[in-house]
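Inspection log for the structure reproduced underneath, given as structure tokens.
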Amino acid sequence: MNDREQKMAEELVSIFEKVLVAEEKSLQKGYFSNLSLAEMHTLDAIGPYEARTMTETAQILGITVGTLTVSVDRLVKKGFVNRRRDEDDRRVVRISLTREGKLAARMHGKFHKVLAKHILEPYDEKEQELLLSLVSEVDDYLNTQVARYDNDDRIRQTAKDVAKDVRRRKTND
Amino acid sequence: MTDSEVPRERMNDKKDQVYSDLLNILTEELGVSPTDVNPNLDIRDDLLFDSLQLYSFIITVEEAYDIRIADEQIDKVHTMNDLVDMVYDIINK
């Protein structure tokens, strides 16, 4: 690894960690200190307007419906999320933000916007465009890496299905 | 009918109604004294709203009119008049 690659590797990890730490600290010191960062991101994924299904929200967050259920249970208890059965299809559970949830999500959105504003501020318009296009390219590359591991998830899912079939066959035997 | 085709009188009536609704929200839900509010009042500086109070106000306006107000639109709003114009434009889109 040459010096530039070494520096890039360090900066990437450092940016990732610091954004998380800054988010966590802003949450702890803000009005919504009873929310964890993961819970705040769940509120973001639910979104401020139409009610979403549990499946849609789990897909946005890249987690299972089971994991989301645990998080939503807590958020309902804390008063940030409403949960109800779909009137047309009772099998579907819809979740939406309460007024408090909307407020928390908007405040958190503001944190990200202020951060971006301060990062871009020192640069002129042309430099800002260049910075944005470079950041987008890094993001695109990382998406390809995530897609690789998505395939791994499918492999794991296939393995789980096979294991389930084996168990079912054994039970039937 | 586009904005330019709406008779000025009717447009002003509608804007007066929006102003009156916003005044109600400010006084009833956020405890602002009605005598403290005028069309040129700066929402952030004169009312000393912090971000939380401002968002709380905006969410109430969204729910009252069943509209969506993006942060970028909020950033452009300074006075009560700006807010009335913005809400009027959104509900007439």
inquiry  = Between a residue in region A:1-25 that is under 17 Å from A:Asp139 (Cα atoms) and at pLDDT 90 or above and any residue that is assigned to a helix (DSSP H, G or I) and charged (D, E, K, R), which pairs come within a Cβ distance under 8 Å, given they are 6 or more apart or on different chains?
reply    = none
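Pick from region A:118-132 the residues that are surrounded by fewer than 10 Cβ atoms within 10 Å (Cβ to Cβ) and part of a helix (DSSP H, G or I): which of them is farthest from the other protein chains (Cβ to nearest Cβ)? Reasoning before the result, please.
In the first step, residues of region A:118-132 are kept if they are surrounded by fewer than 10 Cβ atoms within 10 Å (Cβ to Cβ); the result is A:118, A:121-122, A:124-126.
Next cut, part of a helix (DSSP H, G or I) only: A:118, A:125-126.
Numbers: A:His118: 15, A:Glu125: 17, A:Lys126: 22 Å.
Within region A:118-132, the match that is farthest from the other protein chains (Cβ to nearest Cβ) is A:Lys126.
Out of B:Thr60, B:Thr2, which single residue is modelled with pLDDT under 85 and among the polar types (S, T, N, Q)? Walk me through it before giving the result.
Values: B:Thr60 fails: modelled with pLDDT under 85.
Result of the check over B:Thr60, B:Thr2: B:Thr2.
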message = Here is a list: B:Arg44, B:Arg68. Which entry is touching an Asp or Glu at 6+ places or on another chain (Cβ under 7 Å), free of Cβ contacts under 8 Å to residues at least 40 places away in the same chain and among the charged types (D, E, K, R)?
response = B:Arg68
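Take A:Ala105 and decide whether it is at pLDDT 90 or above and within 14 Å of another protein chain (Cβ to nearest Cβ). Please lay out each step first, then the result.
On the way: at pLDDT 90 or above: yes; within 14 Å of another protein chain (Cβ to nearest Cβ): yes.
Yes, satisfied.
For A:Leu12, indicate whether it is out of contact with any Asp or Glu (no Cβ under 6 Å at 6 or more places or on another chain) and closer than 13 Å to A:Ala105 by Cβ. Break it down stepwise before answering.
Numbers: out of contact with any Asp or Glu (no Cβ under 6 Å at 6 or more places or on another chain): yes; closer than 13 Å to A:Ala105 by Cβ: no.
Against the criterion (out of contact with any Asp or Glu (no Cβ under 6 Å at 6 or more places or on another chain) and closer than 13 Å to A:Ala105 by Cβ), A:Leu12 does not qualify.
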note = In region B:51-65, residues that are at the interface with chain A (Cβ under 10 Å from one of its Cβ atoms), over 15 Å from A:Tyr31 (Cβ atoms) and of a type outside the set (Ser, Thr, Tyr) total 3
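Given the structure, is A:Met40 within 30 Å of A:Val93 (Cα to Cα) and modelled with pLDDT of 90 or more? Show your work before the answer.
Working: within 30 Å of A:Val93 (Cα to Cα): yes; modelled with pLDDT of 90 or more: yes.
When the stated conditions are applied, A:Met40 passes them.
Just the residues that are hydrophobic (A, V, I, L, M, F, W, C) and not in a helix (DSSP H, G or I), please, taken from region B:42-93.
Here is the first cut: in region B:42-93, the ones hydrophobic (A, V, I, L, M, F, W, C) are B:43, B:47-49, B:52, B:54, B:57-59, B:61, B:64, B:67, B:69-70, B:74, B:77, B:80, B:83-84, B:86-87, B:90-91.
Listed by number, the residues that qualify are B:Ile43, B:Leu47, B:Leu48, B:Phe49, B:Ile67, B:Ile69, B:Ala70, B:Val77.
Within region A:25-68, count every residue that is part of a helix (DSSP H, G or I), among the polar types (S, T, N, Q) and more than 15 Å from the chain's Cα centre (by Cα).
Kept after step one, since they are part of a helix (DSSP H, G or I), are these residues of region A:25-68: A:25-29, A:37-46, A:54-61, A:65-68.
Narrowing further to those that are among the polar types (S, T, N, Q): A:26, A:28, A:42, A:55, A:57, A:59, A:67.
Filter once more, so that each one left must be more than 15 Å from the chain's Cα centre (by Cα): A:26, A:28.
So the answer is 2.
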Residue list for region A:70-101, restricted to those being under 13 Å from A:Leu35 (Cα atoms) and touching a helix residue (DSSP H, G or I) at 6+ places or on another chain (Cβ under 9 Å) = A:Ser71, A:Val72, A:Arg74, A:Leu75, A:Lys78, A:Gly79, A:Phe80, A:Val81, A:Glu100, A:Gly101
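The values are calculated or read from the model by the stated rules, or taken from the named source; none is laboratory data. Note that the structure is a prediction, hence the values are computed from the model and not measured. In this analysis, Cβ positions are derived from the backbone assuming ideal geometry, glycine residues included, and neighbour counts consider all displayed protein chains.
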